[in-house]
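Presented below is the structure to which this report refers.
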Amino acid sequence: MDYWILLVLAFLVADKSWHLTGLLATKLTSPERLQQLIRERQELHQQQQSLSAQDHYAKWTKNNRRLDVLDRDIARVRKNYLESVEATKARLAKLKLLVVTVPFTALKFYKGKLPVYALPKGMFPRFIEGTLEHGWLYMALAPLNMKQFSEGASVAVSLGIWLFALLRVLGAIEFVLETLREQNPQVATETAKVHARTAQAASAN
Amino acid sequence: MSEVSEAEKRRILREKRKQKFSKGAGSARLHKITTQQPGGASGDSTVTSAEISDNEGSLQRGSNSGQSTREIDDLLAAMDPPIEPAEPLESAAPEVAFIQQLMKMQQGSATPPADEKAGGLFSPLLERLAEQEAGGAPVVSGEVGVHQFQVRQLKAYMLLLRWAILLPFIYYVMHPGTAHWLHTSRFLHFVMEPRNFFMVFTTFEVASISIYYQVLLTLERTNKVNSLSYSSKLVTWAGLVPDGMLPIDNLQGKVVVALHYWDILSMYLTDLSLCLVAAGLMKYYHAAP
């Protein structure tokens, strides 16, 4: 196989798996401080629930103020955490543009007419065969009859057209997988209601 | 200075208090006290300990950090007190802001009748746009959500079915020598001939897409939902153009028809792409020693 095609495939894999770097972004900015504050709030909240506002007014009010402070701290830490994650993601997006998107697009233009494989002549109508061989430009120039067919028993499929077809097929596969994994909204709502009822019953006990 | 009677003073104080309550003062404090009373009915903004421990447990367990980020967001969203925005549509998309401005201008120029909604002419569109913006996705409320789910399922299963038929077909079309069983029938021999590939493929596509389209129409009739009206922004935008502004009647209907055609063409193109890719792979496969 031609090295250019291998390079294109490598770019394709990098492009499709780039979303995994988002996980890296969240790993790099650990939410430990946020978890600690949430744990603290949970303990205080449990303590507050066991207190009677009338019998232990002073303690209840003190806890209340601490809860307020904790809420503010959590909001601030959460904002910082989300900002840092967003910043990392933005840097990764720029990196993707430089490392994958731009070279990949340039390669598609530069090697767009490179023949990837050949199909028997006569399998498709002339118009489609011309497009397979010469790319999208053939379609635009078809009325002028400027592009000529190659002689022989086969028609080459150019890299640009092959990539277009491959990306379309990959997109369709992604759509099918997503749809088959999707849960019926009606069932999802019923499940959520059951979960909410269970949680309510647990908290009441 | 004039002397104010005791009754007059009480009346003024009562009015001041009423004004204060009507502006919502003190409600946050009251809400906080009532929701944090032990054993009292908890409001939406209060996070129960079960919820927190559940969320925290999953944070600690979290297999991937993307998930944990989402969980933290959910947790904090639940923890935050509900903020009632003064104008919920203020932060929506530019088109919503634009219509809102138009609405204000409309309200300024002519006072609408009492029974008409504040949005007047634009209110249904505004509501739909606001709903779309709030979810960041097409409208998926109740029956519409279920219908869209069914449409997606239908599309996915039809695609799988078509591909299940097309792949063996391409395998035999790309076979260098004709398989022996093809000689038993002239029809099969004709179908598997590479020269007849495009004709057979297009006939199959027309038949299968027609079946899909009929099932889709039946589904739309049963659920009484037009799939494209709810899933396409283009249709929503076409609906924003007032009648008579463009020399095209029923612009929204025409956009819906065009999108239906595009949907069909897109399915055809996807299958053609599959044939191209599969034909290439089969060529390498059959050529391999």
| request: Over 31 Å between C-alpha atoms is what I'm after, so list which of A:Lys27/A:Lys111; B:Lys155/B:Lys283; A:Lys59/B:Lys9; A:Lys16/A:Lys111 land there. | output: A:Lys27/A:Lys111; A:Lys59/B:Lys9
| field | A:Val155 long-range amide H proximity, modeled H, under 5 Å | value | A:Leu119, A:Lys121
| Computed FRET value (nearest 0.05) for B:His260 with A:Glu43, which takes r as the C-beta separation and R₀ as 51 Å | 0.30
| Given the convex hull over the Cα atoms of the stretch A:1-112, what projected area results after averaging over all orientations, in nm²? | 9.4
| request: Would you list, by chain and number, the lysines whose Cα falls below 17 Å from the Cα of B:Lys233, excluding same-chain residues fewer than 8 positions away? | output: B:Lys254
| 3J(HN,Hα) from dihedral phi, the stretch A:34-47, Karplus parametrisation 6.51/-1.76/1.60, rounded to Hz, x for glycine, proline | 5, 4, 5, 5, 5, 4, 4, 5, 4, 4, 5, 5, 5, 4
| What do you get for Rg/Rh over the stretch A:1-64 if you use C-alpha atoms and the Kirkwood form of Rh? | 1.58
| field | B:Lys224, A:Lys111, A:Lys59 arranged by Cβ crowding within 10 Å, fewest neighbours leading | value | B:Lys224, A:Lys59, A:Lys111
| task | In nm, give the distance between the simple-model label positions of B:Met199 and A:Glu178, each being 7 Å from the Cα along the Cα-to-Cβ direction. | result | 3.9
| field | Alpha-carbon spread of chain A, three principal axes, descending order, Å | value | 97, 39, 32
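The numbers here are math on the coordinates, done by the rules we state, and not lab data. It should be emphasised that the depicted structure is a prediction, and the values quoted were computed from it without experimental measurement. No Cβ is skipped: glycine too gets one built from the backbone with ideal geometry, and neighbour counts run over all protein chains shown.
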